[in-house]
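Step one of this worksheet: look at the structure below.
The values are calculated or read from the model by the stated rules, or taken from the named source; none is laboratory data. All of these numbers come straight from a predicted model, not from anything done at the bench. In this analysis, Cβ positions are derived from the backbone assuming ideal geometry, glycine residues included, and neighbour counts consider all displayed protein chains. Each accessible area value is taken on the protein alone, full model and side chains, heavy atoms only, with ligands, DNA and RNA left out. Shrake-Rupley method; radii C 1.70, N 1.55, O 1.52, S 1.80 Å.
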Amino acid sequence: MRSFFYILFLSLICNFAYGQAIIKGINYDESKVPDFVLPDPLICNDGQQVTTADEWEKVRRPEILEIFMSKVYGRTPTDKIDVSYTLLACDPKAMDGKATCKQILFTFTNGKKTIDAILLLYIPNHVQGRVPVFVGYNFMGNQTTTLEPSIYYSPGLRFVHGKDSPVWTRGAQKNRWCYDKILERGYAVATMCYHDIYPDRAELRDYSVASLFPDYISGSKNHDEWEAIGVWAWGSSRIVDYLEREGRIDMSKIAIMGHSRQGKAALWSGAQDSRFKVVISNDSGCGGAALSKRVYGENIARITTVFPHWFCPSFSQYAGNEEELPFDQHEMLALIAPRHLYVASAEGDLWADPKGEYLSAYYTNKVYELYKMKGLDSPVPPAVHQPIMNDVGYHIRAGKHDVTDYDWERFMDFCDLHFK
């Protein structure tokens, strides 16, 4: 018995030491943010200044897209992967009659191997005709977003979670998906578990849809090799492909919402796929909305060490070396113009650097001005619970790293402004 407690004590000490090593060097002191100069998104590689939307679209935007493909998220393949759709269930009186619920099995294949994913789609019944839709991944499976017993378990979970995990509990993350409020406001919701597309562990890349592509090499470390964030972004676009088949969905009113790591993926998906008319990032932090050069909260060294499978190998060259970055996240956010961008932060989520998230959105202004659109007015962030609703929007709320009803209400306010 004594030896058991001794081993347990050593384990706790080792885990504590590991945790300290992970957070070593993390800055939460605004006075220690280094001096930095952000690159001008309107200065081309040859030094020429962009002055029109046409020049932006033909010259500078492709240059910035190339930067993020080659140095951050990896290069999205252009090959097509076959996908078939099977309607698993349709309940026209779901959510106490408020919605029609569909569950659709996506089967991706290259002819030799298949990977399955399940889309959960709720469409409001009280609205006539086509409706706008929120697209977004969930973290713990479709069955955790609702208490409804008919919702299938997401197939990707089996690669990541054991039998004692809370992912097998229905409604475990219901607090993040206020379906009742979303449906009442006249929006549909299309969600899928992100593990179905790329199980979120470095050693599980062979079980992701990336493994279906013809040039896939297990363990490849090419400098611009796409990894999980790129694959998740690709998967979001495949959800939109399916929605084109749904007669009730208004394809001109599609919003993508992502939280945390999926906020990073939502931004990258929105940067590449213009079918997303509103792009929403919630608490996305480092590698998402936050400026890397601030080196505040989670930094490149930490994120590329703990999650080496999220970004292309080239990104790690800036670990502890942010001052050498020839780009920053405001340029990636600018790729969403002239569509609408919304960034959300939480006051207690210093890890994601709320000020850095705000400034990144603010510094897209020059690009939005090319389209005579209105960005954020001031480099000074707003107070808590004082949302800004221009063509670029922002809010910071009280609380921690999470998705709350307050967030969803502001997302819908922003979409109402631009969709309705």
Inset, instruction - Report the extension gain between Lys32 and Arg158 in nm, rounded to one decimal, defined as 0.36 nm multiplied by the number of residues separating them, less their alpha carbon distance. - result: 41.0 nm
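Of all DSSP beta bridges located in the chain, what percent are antiparallel, nearest 5?
Once the DSSP bridges in the chain are tallied, antiparallel ones form about 55 percent.
So which of Lys174/Lys374; Lys264/Lys366; Lys71/Lys113 end up more than 25 Å apart, counting from Cα to Cα?
Values: Lys174/Lys374 35 Å; Lys264/Lys366 22 Å; Lys71/Lys113 30 Å.
Lys174/Lys374; Lys71/Lys113, as the Cα separations exceed 25 Å there.
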Legend entry - Kyte-Doolittle at least 1.0, axis length at least 24 Å by Cα - qualifying DSSP helices, the chain: 2-23
Legend entry - Distant-in-sequence amide H partners of Gly74 (H built 1.01 Å from N, under 5 Å): Cys312
Legend entry - Extended-chain gain in nm, criterion 0.36 nm per residue less alpha-carbon gap, Arg75 and Lys58: 4.2 nm
Legend entry - Label-point gap, in nm, between Asp40 and Asn125 - each point 7 angstrom along Cα→Cβ: 5.8 nm
Legend entry - Separation between Cα centres of segment 66-121 and segment 288-319, rounded to whole Å: 28 Å
Legend entry - Computed magnitude of the charge dipole of the chain (debye, nearest 20; Cβ of K, R +1, Cβ of D, E -1): 1060 debye
Inset, instruction - Output the peptides 388-398, 354-364, 109-119 sorted from most to least packed, where packing is the average of other Cβ atoms within 10 Å over each peptide's residues. - result: 354-364, 388-398, 109-119
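Order Trp226, Trp351 by their accessible area, 1.4 angstrom probe, all chains in place, largest first. Walk me through the intermediate numbers first.
Numbers: Trp226 15, Trp351 70 Å².
Per-residue accessible area, sorted high to low, gives Trp351, Trp226.
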Legend entry - Sequence-distant aspartates and glutamates (8 or more away, or on other chains) whose Cα lies within less than 13 Å of Lys93: Glu148
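Full extension from Gln317 to Asp250: what is 0.36 nm times the residue separation minus their Cα-Cα distance, to one decimal in nm?
Working: separation 67, 0.36 × 67 = 24.12 nm, distance 4.23 nm.
Length gained between Gln317 and Asp250: 19.9 nm.
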Legend entry - Local electrostatic count, Ile229, Cβ distance below 11 Å [Lys/Arg +1, Asp/Glu -1]: 0
Inset, instruction - Give the long-range amide H neighbours of Leu88: residues separated by 5 or more places, or on another chain, with amide H under 5 Å away, using H modelled in the peptide plane at 1.01 Å from N. - result: Gln103, Ile104, Leu105
Inset, instruction - Could you please report the charge total around His161, scoring K, R as +1 and D, E as -1 over all other residues with beta-carbon less than 12 angstrom from its beta-carbon? - result: +1
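May I ask for the Rg/Rh ratio of segment 252-350, computed from Cα atoms with Rh as the Kirkwood radius, given to two decimals? All intermediate terms of the calculation are to be shown ahead of the outcome.
Numbers: Rg = 13.4 Å, Rh = 13.8 Å.
Checking Rg against Rh, the ratio lands at 0.97.
Could you rank Lys293, Lys58 by how accessible they are, 1.4 Å probe, largest area first? Walk me through the numbers before you get to the answer.
Values: Lys293 15, Lys58 145 Å².
Largest to smallest exposure gives the sequence Lys58, Lys293.
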Inset, instruction - Could you list the square roots of 5 times each eigenvalue of the Cα gyration tensor of segment 349-420, that is, the equivalent ellipsoid semi-axes, sorted largest first and rounded to whole Å? - result: 21, 17, 9
Inset, instruction - Keeping every protein chain in place, order Ile64, Ile43 by accessible area at 1.4 Å, biggest value first, i.e. largest first. - result: Ile43, Ile64
Legend entry - Relative contact order for segment 249-341, counting Cα pairs under 8 Å that sit 6 or more residues apart, in percent: 29 percent
Inset, instruction - Tabulate in residue order the Karplus-calculated ³J(HN,Hα) for segment 183-192, using 6.51 cos²θ - 1.76 cosθ + 1.60 with θ = phi - 60°, rounded to whole Hz; enter x for Gly and Pro. - result: 5, 4, 7, x, 9, 8, 9, 10, 10, 8
Legend entry - Separation of alpha-carbon centers, segment 46-60 and segment 128-159, rounded to whole Å: 41 Å
Legend entry - Rounded to the nearest 10 Å², the accessible area of Asp206 at probe 1.4 Å: 60 Å²
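Just to verify a number: FRET efficiency for Asp180 and Ser218, C-beta to C-beta distance, R0 = 41 Å, to 0.05? Before the final figure, lay out each step's value.
Values: r = 44 Å, r/R0 = 1.07.
Computed FRET efficiency for Asp180 and Ser218: 0.40.
Among residues other than Lys80 whose Cβ falls under 14 Å from its Cβ, what is the net charge (Lys/Arg +1, Asp/Glu -1)? Kindly include the intermediate steps, with their values, before the conclusion.
Numbers: positive: Arg238; negative: Asp79, Asp82, Asp215, Asp241.
Summing Lys/Arg as +1 and Asp/Glu as -1 gives -3.
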Inset, instruction - Can you check what the Kirkwood hydrodynamic radius comes to for the chain, Cα pairs only, in Å to one decimal? - result: 22.1 Å
